[in-house]
1. From 228, 289, grab the single residue that is farther than 22 Å from residue 187 by Cα and either of a type outside the set (Asp, Glu) or in contact with a helix residue (DSSP H, G or I) (Cβ under 7 Å, 6 or more places away or on another chain) (or both).
2. Would you point out the residue of the stretch 311-346, among those that are assigned to a helix (DSSP H, G or I) and among the hydrophobic types (A, V, I, L, M, F, W, C), that is most open to solvent (accessible area, probe 1.4 Å)?
3. For the stretch 488-500, which residues satisfy the criterion of being more than 18 Å from residue 465 (Cα to Cα) and either at pLDDT 75 or above or open to solvent by 20 Å² or more (accessible area, probe 1.4 Å) (or both)?
4. Out of all the residues in the stretch 367-384, which are among the aliphatic types (A, V, I, L, M), touching a residue at least 12 places away in the same chain (Cβ under 8 Å) and touching a helix residue (DSSP H, G or I) at 6+ places or on another chain (Cβ under 6 Å)?
5. Report the residue count in the stretch 573-614 for those that are modelled with pLDDT of 95 or more, basic (Lys, Arg) and under 17 Å from the mean Cα position of the chain (by Cα).
6. Out of everything in the stretch 557-606 that is within 25 Å of residue 506 (Cβ to Cβ) and charged (D, E, K, R), what residue ends up being least open to solvent (accessible area, probe 1.4 Å)?
7. Across the stretch 249-276, what is the total count of residues that are under 14 Å from residue 339 (Cβ atoms) and touching a helix residue (DSSP H, G or I) at 6+ places or on another chain (Cβ under 8 Å)?
8. Restricting to the stretch 542-556, name every residue that is open to solvent by 20 Å² or more (accessible area, probe 1.4 Å) and either more than 21 Å from residue 441 (Cβ to Cβ) or in contact with a helix residue (DSSP H, G or I) (Cβ under 6 Å, 6 or more places away or on another chain) (or both).
Amino acid sequence: MSRSLPYSMADLPYDNAKFRHRSLIKVIKNSVLFFNIRRWCKQCSAGKFLILLLFCGVGYLVLAHNRNNSSDPVTVNVGTEEGRSFFTDKNGRFRNFWRKQPRLPPRLSPDEMMSRNKTASGPDWKARQTRVKEAFIHAWSGYRRYAMGHDELMPISKRGIDGLGGLGATIVDALDTAMIMGVDGIVNEAGTWIAENLSQRIDDIGQVNLFETTIRIVGGLLSAYHLSGNGHFGGSVSTGPNRDIYLENARKLADHLILAFTLSPSAIPYSDVDLHGRTARPAPDGLSSTAEVSTLQLEFNYLSTLTGDSKYKIESMKVLEHMKTLPKVNGLVPIYIDPRSGEFSGHNIRLGSRGDSYYEYLMKVWLQNEGRNLTYLHDMYTEAMKGVKELLVRKSVPNGLVFVGELPQGPKGEFSPKMDHLVCFLPGTLALGATKGITKEKAMRENLLSFQDLENLQLAEDLTKTCFEMYSVTSTGLSPEIAYFNMEGRSRTIHSEEANANSRYADDIIIQPADRHNLLRPETVESLFVLFRITGNPKYREWGWQIFEAFEKYTKVESGGYSSLDDVTVIPPPARDKMETFFLGETLKYLFLLFGERGIIPLDEFLFNTEAHPFPILRSGV
């Protein structure tokens, strides 16, 4: 029996809501408005409160956004045609409340923008390369018409001069350029002249400079010999005389030039040779240029390889072996050396004239032989580049151009912010030394670059920009022979009307009145070519094209040839009336290769001597 309840509800007016009949509306009302909300509120936390606040805020923004758009005269009819509908557009479709913000294009640097500009509307580099080829033909036509057989053309005077001894330097310097460009007519003309005249000239000519004759004539002949028997370029291999003519003349000339080595009392050769008298002598001041005596080895080494006669290599390599033993300043050397004592003379340190190609050939001779038993050259180069960065590299003000200055009195003297255009060879040498001729992408992928290589490659890119700005800062777009860079306390001497109004570096670069001439030099376009081949960055091509257009506009002589300029800061610039041989042998060659296919004369198979004559790297079987 169940127990009774402790209390009784019999007399109480109790209405049990649980069992009383209720309408559906009341059920929903009681459940939603009272029970669920009351229970949710009891369990409410700060997080739930913030969520509720968030939804309220979003709703407010949607409504506010709609009101703002409705007040805009451009968007007044977003809803119905009267603009009053909130939920639909004028076509009766539900409106999109969550309008996406317009996507902005990515902010790229100028270099990245240029790198991505590879659309069909981009530059036609084949056509631009053809323009360079046409310029070469125009330069040759003036030389052939007015100066054939002479060293150089004076295009304004329409005559030739023999400032390099009279060996027809322009002919030999331009020959391999014509081969690379595929200008068969010029190859035939130049080759025929060499076959008929050069040997006799070698016997009859008097004094010549050892350095200039080696890099231009011997180097040009050896390059022509190699290219005329190989298909590494776009020209024909069947034009011109028998290729042995080139090697025979190179050997005959070298047999005369070697007297500068054998007649010197030291390992340092004399600077001048009398070809007819078969003797050699020092320069009038008794000194030789450091760059000149150390920029003969690529040519003589390759000649020994081709002829099988080691005497050329032995004599030329004695110079570098001796220089290895001499005292240096952080790897840097003075620009003069005495062939009588074999010692450096003076304290002037610079990478411009008389010093430049010493550093270039340390690297290139090592690469030419693939480092075989020549590690001391790589060590000398490495130490020298560290010295350049420690003692010679500075930044200009106000815009921070990186440049290479000089130490006229040595490391204890005052630093000079002077930089020759000749120094613009350095970026190409640094880049070549960093990757050994392969692309940066491949070197990175194969983990071949050391920290120092990467540092040198960055310096190469910085210096290449500076060399280009030396062009763009002038009103003609052509570089002066020498520039000074603004440092604290120095005032500019180029007037605003003489500077390019579009250049931001007019206050960084100082051009003295005596330095405003342009000799059609190749060093900047050489580095543009090397940097483009190694980095693949198309800005180097664009810079090269700007330089070429400036040459075309201000140096071209309508009757034939191109002329050096006396002053690049004024328009029109006065002509200097001389076309240097290196304009055909180097400047136009590098521009042609810069605009062409990257597989022509590949940098991991060829080395360019300091006059832009390509030699093959000496691998086994070459």
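1. On the way: 228 fails: farther than 22 Å from residue 187 by Cα.
The unique qualifying residue is 289.
2. Step one: list which residues in the stretch 311-346 are assigned to a helix (DSSP H, G or I), which gives 311-323.
From what is left, the residues that are among the hydrophobic types (A, V, I, L, M, F, W, C) are 314, 317, 319-320, 323.
Details: 314: 87, 317: 11, 319: 0, 320: 1, 323: 0 Å².
Restricting to residues being assigned to a helix (DSSP H, G or I) and among the hydrophobic types (A, V, I, L, M, F, W, C), the top hit is 314.
3. Applying the first criterion (more than 18 Å from residue 465 (Cα to Cα)) to the stretch 488-500 yields 488-498.
488, 489, 490, 491, 492, 493, 495, 496, 497, 498, listed by residue number.
4. Step one: list which residues in the stretch 367-384 are among the aliphatic types (A, V, I, L, M), which gives 367, 374, 377, 380, 384.
Imposing the further condition that a residue be touching a residue at least 12 places away in the same chain (Cβ under 8 Å) reduces the set to 367, 377, 380, 384.
377, 380, 384, listed by residue number.
5. So the answer is 1.
6. Here the answer is 567.
7. Step one: of the stretch 249-276, the residues under 14 Å from residue 339 (Cβ atoms) are 259-273.
Okay, now just the ones that are also touching a helix residue (DSSP H, G or I) at 6+ places or on another chain (Cβ under 8 Å), so 260-262, 266-273.
Going through the stretch 249-276 one residue at a time, the tally reaches 11.
8. Of the stretch 542-556, the ones open to solvent by 20 Å² or more (accessible area, probe 1.4 Å) are 542-543, 545-546, 549, 552-554, 556.
Within the stretch 542-556, 543, 545, 546, 549, 552, 553, 554, 556 qualify.
The values are calculated or read from the model by the stated rules, or taken from the named source; none is laboratory data. In this text the structure is predicted, and so the values were computed from the model without any measurement. Cβ: placed from backbone, ideal geometry, glycine included. Neighbour counts: every protein chain shown. Keep in mind that these areas ignore ligands, DNA and RNA; they rest on the heavy atoms of the full protein, side chains included. Shrake-Rupley method; radii C 1.70, N 1.55, O 1.52, S 1.80 Å.
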